[in-house]
Amino acid sequence: MAIKVGDKLPEATFKVIGPDGAPKDATTAELFGGKKVAMFAIPGAFTPTCHQAHLPGFVDRIGELKGKGVDTIACTAVNDGFVMDEWAKATGSHGKIVMLTDDNAAFAKAVGLDIDLNGPGIGLGVRSKRYAML
């Protein structure tokens, strides 16, 4: 069952790329504890719709979100941290949006928002559905 309004986030560990360029662990407690976070999920970095519409929409509204008291804007996807980091650099979101790698779709599964995209012609494996949460 998918997470609902008012539910507590499950304990999970994401990977993020640190300032030194190395991957490091970041838990939900560290990322979300005591903060107002706008997080959105995408099936994959550099995929056409995610690259051309979803991420740019959040980048364009960073000031608006911050003006409404959002402390952190985060994006999660089932991609490795290096891909997420390069995607942030390629889109101008580096240092503005926290890129969270959801290894093996563990977080997406825990919140009930995973999707199997292994079908013919797709071949992306298990990914996250598109969603946003505050």
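Read-outs: derived from the displayed coordinates by stated rules, not from any lab. All values reported here derive from a predicted model rather than from experimental measurement. Neighbour counts run over all protein chains shown; Cβ positions are idealised from the backbone, glycine included.
Between Ala106 and Glu11, the contour length at 0.36 nm per residue exceeds the alpha carbon distance by 33.2 nm.
Listed cross-link partners Lys4/Lys24; Lys8/Lys68; Lys15/Lys129; Lys68/Lys109; Lys15/Lys66; Lys4/Lys129 are compared with a 26 Å cut-off, the Cα-Cα value being larger for Lys4/Lys24; Lys68/Lys109. For Thr47 and Leu134, the FRET efficiency from 1/(1 + (r/R0)^6), where r spans their Cβ atoms and R0 equals 22 Å, is about 0.40. Taken along the Cα-to-beta-carbon direction at a fixed 7 Å, the label points for Asp71 and Asn118 span 3.9 nm.
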